[in-house]
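Peer 1: I have a structure here, written as structure tokens, and I will follow up with some questions on it.
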Amino acid sequence: MNAVPVVGRVAELREAADAARARGGSVGLVPTMGYLHEGHQSLVARSAAENDLTVVSIFVNPLQFAEGEDYGTYPRDLDRDLEMCADAGAGLVFAPGAEEMYPQVPLTSVAVEGLNAVLEGWSRPAHFDGVATVVAKLFAMLGPGRAYFGEKDYQQLAVIRRMAADLSMPVEVVGCPTFREPDGLAMSSRNVYLAADERPAATVLWRSLQAGRDAVVQGSRDPGEVEAAMASVLAAEPLACPDYAAVVNAATLERPDVLDGELRLLVAARVGRARLIDNLGLDVGRL
Ligand code: AMP
């Protein structure tokens, strides 16, 4: 397997992207926080199939963590990540230090108002401003033609799409399906926090989403009823501490009065040390 080059400086990143463009090549970006798994690799492989140069950024972004969250302990393993990037077809890894990304305390922040305040934003108020700001910086540093994000973080994908549209960023934001373990648990770097007895309990998010989907498939059009079906599955798992179970319009993330059109079911719960999220799309018009 070929080794993938890794750079830590913005100037080196730009040079590599400019060289690819000078050859007439397209550039794809896969932003990550590292500790990669097959879900990340599916994004890298998609980008590699659609672009001449695929850049994977690996940066645990302090701006998107609140006091008391897991910034300091977020799992890190650059050597393993580099192998996984090479394996999936990446052409370059950008792994900057915090001082390279934030040489001075930023006075500028990107806030996608409304989308940043609901669901995950309710529990993590500054989170999406931190995400939008770092992704805007990565777009400015690299100038990718396409950027790849997982539906696993559905609200993040919605925030980035809206940011790119509102700010006329010349990048196509590509959403990619969620990669799951065979038992339905969405792959996540944070799954490593799960103790052996917590691992089976973590499937409760997927089970809860299926209960929500079943309720809609069986005819419920009342968001409260569908959310109650999801919440009761979460509540029945003794090792899970539920945060929210919601059904929203897939585009606006607003809760409709009556369920119709394209919906997104979203759940969040803490299992042991791990705060886990998951979601599922559903088109009422195509049931
Ligand atoms: P992270 O490193 O967790 O910030 O994730 C980096 C990117 O990978 C984000 O766009 C995530 O949505 C995406 N991602 C994370 N887990 C999965 C998964 N299980 N399936 C697909 N994409 C994922």
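The values are calculated or read from the model by the stated rules, or taken from the named source; none is laboratory data. All values derive from a computational prediction rather than experimental measurement. Cβ coordinates were reconstructed from backbone atoms using ideal geometry, including for glycine residues, and neighbour counts include every protein chain displayed. These accessible areas exclude ligands, DNA and RNA; they are computed on the full protein's heavy atoms, side chains included. Shrake-Rupley method; radii C 1.70, N 1.55, O 1.52, S 1.80 Å.
Peer 1: Summing +1 for each Lys or Arg and -1 for each Asp or Glu, what net charge is found among the other residues whose Cβ lies under 9 Å from the Cβ of SER123? Walk me through the intermediate numbers first.
Peer 2: Details: positive: ARG124, ARG275; negative: GLU120, ASP243.
So the environment of SER123 carries a net charge of 0.
Peer 1: Let me ask something else about it. Summarise the accessible area of the stretch 1-74 (1.4 Å probe, protein heavy atoms) by the percent that is carbon and sulfur.
Peer 2: Carbon and sulfur: 50 percent of the exposed surface of the stretch 1-74.
Peer 1: What ³J(HN,Hα) values, in whole Hz, does the Karplus curve 6.51 cos²θ - 1.76 cosθ + 1.60 give for the stretch 26-33 when θ = phi - 60°, with x put for Gly and Pro?
Peer 2: The phi angles translate into 9, 10, x, 10, 10, x, 9, 10 Hz.
Peer 1: Here is a follow-up. What ³J(HN,Hα) values, in whole Hz, does the Karplus curve 6.51 cos²θ - 1.76 cosθ + 1.60 give for the stretch 84-100 when θ = phi - 60°, with x put for Gly and Pro?
Peer 2: Going residue by residue, I get 5, 5, 4, 4, 8, x, 5, x, 7, 10, 10, 10, x, x, 4, 6, 6 Hz, with x marking Gly and Pro.
Peer 1: I've got another one for you. With both bridge residues required to lie in the chain, what share of the DSSP beta bridges run antiparallel, to the nearest 5%?
Peer 2: Counting DSSP beta bridges with both partners in the chain, the antiparallel share is about 55 percent.
Peer 1: Consider a paramagnetic label point 7 Å from the Cα of ARG80 along Cα→Cβ; state which residues of the stretch 23-38 have an amide N under 14 Å from it.
Peer 2: 34-38
Peer 1: Then there is this: With only Lys, Arg, Asp and Glu charged, each at its Cβ (+1 for the first two, -1 for the last two), find how big the charge dipole of the stretch 98-214 is about the Cα centre; round to the nearest 20 debye.
Peer 2: On the way: 11 positive and 14 negative charges, 38 e Å.
Dipole size: approximately 180 debye.
Peer 1: For an R0 of 35 angstrom, estimate the FRET efficiency from the Cβ-Cβ distance between ASP222 and THR108 and round to the nearest 0.05. Can you show the working numbers first?
Peer 2: Working: r = 43 Å, r/R0 = 1.22.
Efficiency computed from Cβ-Cβ geometry: 0.25.
Peer 1: R0 = 35 Å: FRET efficiency of SER123 with ALA165, Cβ-based, nearest 0.05?
Peer 2: Using R0 = 35 Å, I get an efficiency of 0.85.
Peer 1: Taking the Cα centre of the stretch 186-279 as the origin, how large is its charge dipole in debye, to the nearest 20, when only Lys and Arg (+1) and Asp and Glu (-1) carry charge on their Cβ atoms?
Peer 2: Roughly 440 debye for the stretch 186-279.
Peer 1: Give, in nm to one decimal, the length gained when the segment between ALA66 and GLU38 is fully stretched (0.36 nm per residue of separation minus the Cα-Cα distance).
Peer 2: Roughly 7.4 nm would be gained on extension.
Peer 1: Quick one: if the Förster radius is 30 Å, what FRET efficiency do ASN249 and THR73 give, using the C-beta to C-beta distance and rounding to 0.05?
Peer 2: 0.25
Peer 1: With unit charges on the beta carbon (Lys/Arg positive, Asp/Glu negative), name the residue among GLY219, GLY281, ALA269 whose Cα is farthest towards the positive pole of the charge dipole of the stretch 218-287.
Peer 2: Comparing the listed Cα positions along the dipole, ALA269 ranks first.
Peer 1: Non-local amide H neighbours of ASP70 (under 5 Å, H modeled in plane, Pro and chain starts lacking H): which ones?
Peer 2: Hits under the 5 Å cutoff: none.
Peer 1: Continuing with this model, one more query. What is the set of long-range amide H partners of ARG273 at a cut-off below 5 Å, with H atoms built 1.01 Å from backbone N?
Peer 2: For ARG273, whose amide H was placed from the backbone, the distant partners under 5 Å are ALA195.
Peer 1: Enter the accessible area per residue of the chain (Å², integer; probe 1.4 Å; all protein chains in place).
Peer 2: On a per-residue basis, the chain sits at 46 Å².
Peer 1: Taking the Cα centre of the chain as the origin, how large is its charge dipole in debye, to the nearest 20, when only Lys and Arg (+1) and Asp and Glu (-1) carry charge on their Cβ atoms? Don't jump to the answer; show the numbers that get you there.
Peer 2: Working: 25 positive and 39 negative charges, 63 e Å.
Approximately 300 debye in magnitude.
Peer 1: Okay, moving on. Tell me, what HN-Hα J-couplings in whole Hz come from the Karplus equation 6.51 cos²θ - 1.76 cosθ + 1.60 at θ = phi - 60° for each residue of the stretch 63-68, using x for Gly and Pro?
Peer 2: 4, 9, 10, 8, 3, x
Peer 1: Using per-residue counts of other Cβ atoms within 10 Å, averaged over each peptide, order 195-202, 56-63 from highest down.
Peer 2: 56-63, 195-202
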